[in-house]
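The values are calculated or read from the model by the stated rules, or taken from the named source; none is laboratory data. Quantities reported herein were computed from a predicted structural model and do not represent experimental measurements. Virtual Cβ from ideal backbone geometry, glycine too; neighbours counted across all protein chains shown. Heavy atoms of the whole protein, side chains included, go into the accessibility calculation; ligands, DNA and RNA do not. Shrake-Rupley method; radii C 1.70, N 1.55, O 1.52, S 1.80 Å.
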Amino acid sequence: MSSKLPEVESRMSNLTPNAINQIIRVGDPHEGFSPTLQILSVRPIQATATQGERYRVVISDGVYFAHGMLAKQLNHFITEFSVVRVTQFM
């Protein structure tokens with residue numbers, strides 16, 4: 001479920017507006033769809049010793065935001081307020 005952010009003029013003009021809505025409603029909207037999103041929050045979640053560290057992230061496209069889980073192979077790349085290009089999602 002995504003939530004709409006209040007409209008504000010900001011420096012987030014490089015983000016892909018409405019990408020979160022497209023991903024949630026359509027899945028992969030079209031081949032080659034690689035939206036630019038911002039990480040708003042990164043929080044560790046409780047995991048078993050065999051799972052390793054896992055993180056819950058809040059991502060934004062500048063219009064909407066959504067919660068998700070980060071693949072553990074990407075843990076070292078992400079910090080709060082990072083701007084990322086998403087090439088794979090499910």
Requested in this report: Please list 33-43, 58-68, 77-87 highest first by mean number of surrounding beta-carbon atoms within 10 Å per residue.
Outcome: 58-68, 33-43, 77-87
Query raised in the report: Can you list the residues, at least 5 places off or on another chain, whose amide H is less than 5 Å from the amide H of ARG54, using H built in the peptide plane?
Result: ILE45
Report summary line: accessible surface per residue for region 26-90, probe 1.4 Å, DNA/RNA/ligands not counted, whole Å² -> 68 Å²
Query - Under 5 Å, built H, 5+ apart or other chain: amide partners of LEU40 - result: VAL58, ILE59, SER60, PHE81
